[in-house]
Amino acid sequence: MTSKLAQDWVKHFYVPRKERGRRPYAQAFERLYELVRDEPEIAWPVIQEIYRIDASDAMLAYLAAGPVEDLLVHHGGEFIDRIESLAKSDPVFRKMLGAVWKSKIAGDIWKRLKAVAGPDF
């Protein structure tokens, strides 16, 4: 399930913006946001697979300012240790973290994130 969801989420990114809601991949977009909010343990490997499928700057920024940011807003305390660990060993993930927006991320989680994130881009 996670592989298909990740692939469809990436495909959704490439659909022209004005057509995104009408295309078949829109369900993948919505499903990942539901998982991030309600089933973060399922969302976490999907997020990792997405940037492994497509590590372009545009995709990394889209992923960072979307599902990753929401994961940190809703479940930051549960995931920050994993995020720190992965950032130390995975340069693509670390780079992606540089595009996460502060939003409603708790201050202590934000400080920890910024300590391991790559430069803003």
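The values are calculated or read from the model by the stated rules, or taken from the named source; none is laboratory data. The structure displayed is predicted, hence computed values, not measured ones. Neighbour counts run over all protein chains shown; Cβ positions are idealised from the backbone, glycine included.
Considering only residues that are among the β-branched types (Val, Ile, Thr) and at pLDDT 95 or above, look in region 11-45 and name the one that is nearest to Leu60 (Cα to Cα).
Restricting to residues being among the β-branched types (Val, Ile, Thr) and at pLDDT 95 or above, the top hit is Val36.
Among the numbered conditions (1) crowded, with 19+ Cβ neighbours inside 10 Å; (2) assigned to a loop (DSSP other than H, G, I, E, B), tell me where Tyr51 comes up short.
(2)
Could you tell me whether any residue of region 3-16 is crowded, with 17+ Cβ neighbours inside 10 Å, in contact (Cβ under 8 Å) with a residue 12 or more places away in the chain, under 19 Å from Ile109 (Cα atoms) and not aliphatic (A, V, I, L, M)?
Scanning region 3-16 turns up no residue that is crowded, with 17+ Cβ neighbours inside 10 Å, in contact (Cβ under 8 Å) with a residue 12 or more places away in the chain, under 19 Å from Ile109 (Cα atoms) and not aliphatic (A, V, I, L, M).
Of the conditions (1) free of Cβ contacts under 8 Å to residues at least 12 places away in the same chain; (2) outside any helix (DSSP H, G or I); (3) among the polar types (S, T, N, Q), Ser85 clears all except one; give me its number.
In the conditions (1) free of Cβ contacts under 8 Å to residues at least 12 places away in the same chain; (2) outside any helix (DSSP H, G or I); (3) among the polar types (S, T, N, Q), Ser85 misses (2) alone.
Identify the single condition in (1) touching a Leu at 6+ places or on another chain (Cβ under 8 Å); (2) part of a helix (DSSP H, G or I); (3) crowded, with 16+ Cβ neighbours inside 10 Å that Val100 does not satisfy, given that it satisfies every other one.
Unmet condition: (2).
Consider Asp54 carefully, then state whether it is over 13 Å from the mean Cα position of the chain (by Cα) and either at pLDDT 95 or above or not basic (Lys, Arg) (or both).
no
Restricting to region 62-72, name every residue that is among the aliphatic types (A, V, I, L, M) and buried (at least 17 other Cβ atoms within 10 Å of the Cβ).
Matches in region 62-72: Leu63, Ala64, Val68, Leu71, Leu72.
Would you please name the residue that is surrounded by the most Cβ atoms within 10 Å (Cβ to Cβ), looking only at residues in region 103-121 that are small (Gly, Ala, Ser) and not in a helix (DSSP H, G or I)?
Checked region 103-121; the qualifying residue surrounded by the most Cβ atoms within 10 Å (Cβ to Cβ) is Ala117.
So, in region 101-120, how many residues would count as being without any contact (Cβ under 8 Å) to a residue 40 or more places away in the chain, aliphatic (A, V, I, L, M) and under 16 Å from Glu78 (Cβ atoms)?
Of the residues in region 101-120, 3 are without any contact (Cβ under 8 Å) to a residue 40 or more places away in the chain, aliphatic (A, V, I, L, M) and under 16 Å from Glu78 (Cβ atoms).
Within region 28-43, which residues are in a helix (DSSP H, G or I) and among the acidic types (Asp, Glu)?
Passing the criteria: Glu30, Glu34, Asp38, Glu41.
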